[in-house]
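Here's the structure, in structure tokens; my notes come after.
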């Protein structure tokens, strides 16, 4: 199977995350999309993050609405910091018959060189960078992808994706202010946030 992985803190998961998986599934012919909440992202250390249980529950509610989508708790079950190369290698050990596509925003191409063990990431999966659809943007992304593949090996694919000004920060702020989250998160996720009083100061 060809399995796409969309990772993130998912605090909370929102429609931008869901559409990222959907666009990748359509453009790359993927069989499934797994939404994977991060356990302890090193870049979030020192910041307040909702519990693993709440973030997994919201991810499951969101994935349940999409055919061929699933929540994956692999990183939540791992102690300590979360690094992508470890996740890639664990997936390949557990499911050697499948191919994995890790889907990120286009900025991942500028950050890849600073990630832990990028050559091990690209040895175990196809990296997917979601652009913003403009022809010039796609051309620049593909040039950058080519440079990175020459340096680290592996495969990097570029897909088109519209610019969406939606963030988990915006949603947390609106939830804290008692404002509607409609059209920003699935209805079931909004209900969960309200019922569990998440993001209230």
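The values are calculated or read from the model by the stated rules, or taken from the named source; none is laboratory data. Not measured: the values here are computed from a predicted model. Note that each Cβ is placed from the backbone with ideal geometry, even for glycine, and that neighbours are counted across all protein chains shown.
For every residue, the table says whether it meets (1) at pLDDT below 95; (2) over 23 Å from residue 161 (Cα atoms); (3) more than 17 Å from the chain's Cα centre (by Cα).
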| position | (1), (2), (3) |
| --- | --- |
| 73 | no, yes, no |
| 88 | no, yes, no |
| 94 | no, yes, yes |
| 112 | no, no, no |
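Do we have residue 9 as closer than 16 Å to residue 172 by Cα, in contact with a strand residue (DSSP E or B) (Cβ under 7 Å, 6 or more places away or on another chain) and surrounded by 24 or more Cβ atoms within 10 Å (Cβ to Cβ) here?
For residue 9, the condition - closer than 16 Å to residue 172 by Cα, in contact with a strand residue (DSSP E or B) (Cβ under 7 Å, 6 or more places away or on another chain) and surrounded by 24 or more Cβ atoms within 10 Å (Cβ to Cβ) - is not met.
For the stretch 163-201, name all the residues that are part of a loop (DSSP other than H, G, I, E, B), out of contact with any helix residue (DSSP H, G or I) (no Cβ under 6 Å at 6 or more places or on another chain), closer than 30 Å to residue 28 by Cβ and touching a residue at least 40 places away in the same chain (Cβ under 8 Å).
Residues satisfying the conditions are 167, 183.
Could you tell me whether residue 133 is farther than 22 Å from residue 198 by Cα, more than 15 Å from the chain's Cα centre (by Cα) and modelled with pLDDT under 95?
Answer is yes for this residue.
Among what's in the stretch 117-145 and is touching a strand residue (DSSP E or B) at 6+ places or on another chain (Cβ under 8 Å) and free of Cβ contacts under 8 Å to residues at least 24 places away in the same chain, pick the residue that is surrounded by the fewest Cβ atoms within 10 Å (Cβ to Cβ).
Across the stretch 117-145, the extreme among qualifying residues is 142.
So how many residues does the stretch 142-162 have that are within 12 Å of residue 126 (Cα to Cα) and assigned to a strand (DSSP E or B)?
Matching residues across the stretch 142-162 total 4.
Within the stretch 12-105, which helices (runs of 4 or more DSSP H) (wholly inside it) include 2 or more residues that are surrounded by fewer than 18 Cβ atoms within 10 Å (Cβ to Cβ) and in contact (Cβ under 8 Å) with a residue 60 or more places away in the chain?
Numbers: elements: 15-28, 52-63, 84-94.
The helices (runs of 4 or more DSSP H) meeting that bar are 15-28.
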